[in-house]
1. Nearest 500 deg cm²/dmol is fine: what mean residue ellipticity at 222 nm does the protein assembly as shown get from its DSSP H runs of n ≥ 4 alone, each adding -39,500 (n - 2.57), divided by its residue count?
2. For region B:3-64, state the semi-axes of the equivalent ellipsoid (square roots of 5 times the eigenvalues of the alpha-carbon gyration tensor), sorted largest first and rounded to whole angstrom.
3. If the reach is capped at under 14 angstrom between alpha carbons, list the aspartates and glutamates near residue A:393, excluding any in the same chain fewer than eight residues apart.
4. For each of A:449, A:426, A:154, A:41, count neighbouring Cβ atoms within 10 Å of the residue's Cβ, then give the residues from fewest to most.
5. What percent do you get for the relative contact order of region B:3-64 when only Cα pairs under 8 Å and 6+ apart count?
6. Positive end of the dipole of the protein assembly as shown, charges at C-beta (+1 Lys, Arg; -1 Asp, Glu), about the Cα centre: which of B:20, A:101, A:371 has its Cα farthest in that direction?
7. Once you list every other residue whose beta carbon is under 11 Å from the beta carbon of residue A:52, what net charge do they have if Lys and Arg are +1 and Asp and Glu are -1?
8. Given A:321/A:448; A:73/A:321; A:100/A:430; A:45/A:115; A:247/A:328; A:45/A:65, which pairs have Cα atoms separated by over 32 Å?
Amino acid sequence: MDMKATKKKLGMKERYRVLTRDLGWEPGYQSKEAIFPYVRYEGIKVHDWDKWEDPFRLTMDAYWKYQAEKERKFYAIIDAHAQNNGHLNLTDARYLSALKIFLQAISPGEYAAHKGFARIGREFPGVGTQVACQMQAIDEIRHAQTQIHAMSNYNRYYDGFHAFADARDRIWYTSVARSFFDDAMSAGPFEFMIAIGFSFEYVLTNLLFVPFMSGAAYNGDMATVTFGFSAQSDEARHMTLGLECIKFMLEQDPDNLPIVQGWIDKWFWRGFRVLGLVSTMMDYMLPKRVMSWREAWEIYGVENGGALFRDLARYGIRPPKGWDDAEKAIDHMSHQFMLGLYQWSFGTAFHSWIPSDDDMAWLSAKYPDTFDRHYRPRWAHIKQLKAAGTPFKNYGLARLCQCCQLPCVFTEPGDPTLTCHRETVYKGEKYQFCSDGCKDIFEHEPEKYIQAWLPMPALFSELGGDVAAWMDWVSLRDGADNGDYDGSRDQRHFDEWRGLATSNL
Amino acid sequence: MSTVFIALQANEETRPIIDAIEIDNPQAVVNRQPAMVKIDAPGRLVVRRETIEEQLGRAYDLQELQINLITLSGNVDEDEDTLTLSWNE
C-alpha cells in the first residue's frame, strides 16, 4: 500500500528565503557593475540588498494561485454584467463620463506602470526587489487588460469609449496622466520607485480607487466595482512595496535622505495634480455620491498621509513641500476643473453638464465655505446663458502648465479670486506654470521638461490650428462623443433602453 | 495616535474574517461602506489566523487575505499566524 509521505511544509519566512534569495546568484564572468549599470547614477547608496524584504513574503507560487482566483471572480461578474444588460442598471448615463476619463487617462497609466516595473525589476540588483517588481509588472498589465475588457461592454452601447488609445496618445487632457508616467519612466530606477511605488501607490491611489470604486457600487456599475477592487487588492501589496523601498533607501545610508526627500516633494505634487481629475469625477460625475472629494481627502490624505509622514519622521523625512498648498486647494479644485471641462466640452471625448439644483444643494452642503460664494454664481450664470440659447463655450485654447500639462485654471493658494500663474525663462524661451509646485519641479530639471509635448501648441505646429482636422486626428466624433450631456445621444439611448427594459412597449 | 486600517471587500468570504478582526481588536472601529468594509484602529491592528479559522470553521492561510483585500495602512509584518499593521511614533 502506498503511504503518502507528508513532507514537512516550510514556514513562510523560510519559503520566502528559498523562493527569492536562493534564486539569485553571484555573477562569474561579468561584474555586478556591468550587469546593473543604472543603480548608481542617481546618487542612492545601497550597502546590502539582502536587507530588503517583502513584508507579505509573497512568493511566485502563491502569487499565481491568488491572482488566478482574482481573475475567476472578476470574469464571473463581467460575464453576468454582459449577460444581464448590466449597463442599464446604472443610476444614469452621466456616470459614464467618469468611466471614459478612467479608460482614456488612467488605464493606459496602468500599462505604463507595467513597462516601468518590468524595467526596474531588471535594473535593481536585489533578488527580493526583483521578484516584487516582477509581480507588480504582471499586476499592472492585468489591471490595464481587465479595465479595458470591463469597459468594452459599455463601448457596445455608448459614445466616447471607441478610441481610447488615440485619446491616450493625442487628446489634451490625457496628456496630464501620460506626462506623469512618461516622467517617471524616463527617470532612474529609484526615482521611479518613489514616483509610482510610494507617491502614487501609497499616498494617492487610495483616493482614486477606494471611494471612487465604492461610488461605482453606489451607482450600479458592477463591472467597474469588480475591476476596481480586483486591481485594488494588488495595490495593498504595491503600497507596501513602495513603503518598504523608501524605508530601505533611508536605512541604507544617511546620504540618501535629501535625494529621497526631493523626490517625495516632486512626486507628491505631480500626483496631486493628476488626481485633480479624480476630484471632479467624485464631486460632479457620480450621480449618487458616497463621499465628497473633501471627505476622501480628510481620510486618505490628512489622516493617512499624516500618519505616514509622522512614521517616516524618524528618518528625518518631512511632509512634502506642496502639502499646505494642496490643503488650500481641496475645497476649490473639483469646481474649478468642472467649470473648465464644461467650457471646453467641444474638445472632450466625454460629456459634462451643468449641475442640477439638487447637485448644487449637495455641493454647497459639502463645501460650505466655498461653493455658494465662488462657484454657484458661475453655474447660475452659465445656466442662464444656456436657457437664453447662448450656451457658454470657450473656443479659445487653454494655457497649459509646462510641467503637469493641465490648463492653468487654478487659483492662488489663499485667494480664490485670483488665477494662479507662474512663468520662468530658460535659454531665452518663456515657460508657463499652474503653481509654485510645478515651477519648482521644472527649474530643478529644465532640460527634461522643455522636451514636453504639449497638446495645445501641437494643434498649431502639427495641424495648423484646424480644430476639425484635430478632431479627426484624435478620433473624436463631433456631436456624439463631446459636448453637453443634456441632449446627447448617450442620454437619449440610455433613457430609451432603460424604458424598453422595464416595459413591453 | 495615528490610525492604521485595513479595508476588505464586503462578501461572504470576508464576513467571518471581519468578525475575527473585531474579536482580536476590541479597540477597532468597523465602517461599512458600499461594497467594502474599512476597519480602523489606533496605532496597531492584528489579524490572527487562529481566530479566523474558528470563525470560518476551516483551515485558513493568511495569504488568502490578498484575494479580498482592498487597501491597508501602516507598516506590515506577516508570518503564518499573524498579520500586523502598526505605525512607529
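1. The helix contribution divided over the protein assembly as shown gives -15500 deg cm²/dmol.
2. 18, 14, 9
3. Cα-Cα hits under 14 Å: A:484.
4. Ascending number of Cβ neighbours within 10 Å: A:41, A:426, A:449, A:154.
5. Computed value for region B:3-64: 40 percent relative contact order.
6. Projecting each Cα onto the dipole axis, the largest value belongs to A:101.
7. With Lys, Arg at +1 and Asp, Glu at -1, the neighbours total -3.
8. As for pairs spanning more than 32 Å Cα to Cα, those are A:73/A:321; A:100/A:430; A:45/A:65.
Here, each number is a calculation from the coordinates, and none is a lab measurement. The structure displayed is predicted, hence computed values, not measured ones. In this analysis, Cβ positions are derived from the backbone assuming ideal geometry, glycine residues included, and neighbour counts consider all displayed protein chains.
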